[in-house]
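Okay, structure first, notes after.
Every number in this text was worked out from the coordinates using simple rules, so none of it is lab data. Treat the numbers as computed from the prediction; the structure is a model and nothing was measured. Neighbour counts run over all protein chains shown; Cβ positions are idealised from the backbone, glycine included.
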Amino acid sequence: MPDRKPVTVVGVADDRLDLLGPEARLALTDAEVVVANARLLALWQSWARPSTGVPSMLEVGPDSDDMVQQVWSQSVEYARRVCVLAAGDPGFFGVARALLRRIDRHQLIILPGASSVSLAFARVALPWDDAVVVSAESRPLDEITSAVRTASKVAVLTSPERPPEVIGRSLLEAGVAVDLAAVCSQLGTETESVEELSLADLATGSFDPHSVLILVGPGGLPLIGWAASKAAERNPLANLAWGLPDGAFAHRPVVTKAEVRAVVLGKLQLPRAGVLWDVGAGGTVGIESALVRPGLTVMAVEDSPEEAAQVAANAAALGAGVHVVTGRAPEVLEGLPAPDRVFVGDGALASLEAALARLRPGGRIVASFASLDQAAAAASTLGNLVQIGAHHGERLDDGGWRLVARDLLFVAWGPGIDDEPDSPFVA
């Protein structure tokens, strides 16, 4: 069998061969056969000068197995110098993966161009070193939704089975909010389209199924904690717990205590996905909710930048994905996505009423109060009330123990009255 010749894969960005570097140009002019789809072959023919001695051209269709077989045959069986033209970056959801099924990687020379994702982010003038990229062709919708919840920027490579509008509908149904949705189609061609639109318009529109969908948000708010998640895995507090010890948080004097948090988390009945507002009281309920249910979009609302920064630091230390919102409730709540669950920890009835007005069907609100009068007013609206008191054990100098009382708190929750289940025991 003849000696194998290298196979050079040249990525073309923006359909502009004049942007190719010297190494890519040399590979094309030295090739004995150029392999590409019809569009890129036509592009090559229009650009190549007759004096360069145009090599043989081999057109391949969308079948990757056929393309791989053709390249292998030309390179291995006929020992020809093969140059494969590909769109963008061949190593980024491109032909490189298919070629490696039969071509040894030491035989491959890959000269990438800009990928469709890098072009899409360039078109909307955003950096993308912090972006998550997912392919709709290889991932179920719930995984794409989870990626959007847990990353500040996402690029979705859409497909005929999951075009941009299907992704949009899935995100709306899951209660996800985004700052920006941009559908980028036919990038680099004469029919290029970049359309920035709302999530509602995305869900009801009709778009090229082979697009890059850019999703940014929500609310321009930083997602705190995910970068620290690897370190958090080594933290013993990363184990599933219900009411983390108060020492797990660096906190201000007023914060929801562990015993109250345990009750609140139980009353919230956290869903697998949805939007949770944590309004006031140090963000500890929101942080624990994000740890227990990472599919939730958690919005922690604090009045002051100092308190918001403290919530962000606590979330980062524990590896919890929390969007920190700085602003005074209830006014700041108007700009947030409608919630499925709400915890009001600052004892403000105005915040509770604003949350109730925005609560999604089937949602639930839990609120804590130091004042019985306010708690009773909240219970009249929500339907349920409990008083929580705890005594902490402290070691005495002589080795004995004493119990130290903590302040009593009241927790209201609803809407709707929780019925006691029938007891299986007979009194």
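With the highest mean first, a sort of the peptides 199-207, 268-276, 58-66, 113-121 on other beta-carbon atoms found within 10 angstrom per residue produces 113-121, 268-276, 199-207, 58-66.
Using equal-weight Cα scatterers in the Debye expression, the normalised intensity of the range 3-145 in log10 at q = 0.17 Å⁻¹ is -0.95.
What's the FRET efficiency of GLU23 with SER206 using the Cβ-Cβ distance as r and R₀ = 45 Å, to the nearest 0.05?
My answer for the efficiency is 0.65.
Altogether, the Stokes-Einstein calculation at 37 °C and 0.692 mPa s, with the Kirkwood radius of the range 53-127 over Cα pairs as Rh, returns a diffusion coefficient of 238 µm²/s. Inter-label distance, MET57 to ALA338: 5.5 nm, where each label sits 7 Å from its Cα along the C-beta direction. For an R0 of 51 angstrom, estimate the FRET efficiency from the Cβ-Cβ distance between ALA98 and ARG402 and round to the nearest 0.05. The computed FRET efficiency comes out at 0.10.
Put a dot 7 Å past the Cα of ARG395, heading toward its Cβ, do the same for ARG16, and the two dots end up 7.1 nm apart.
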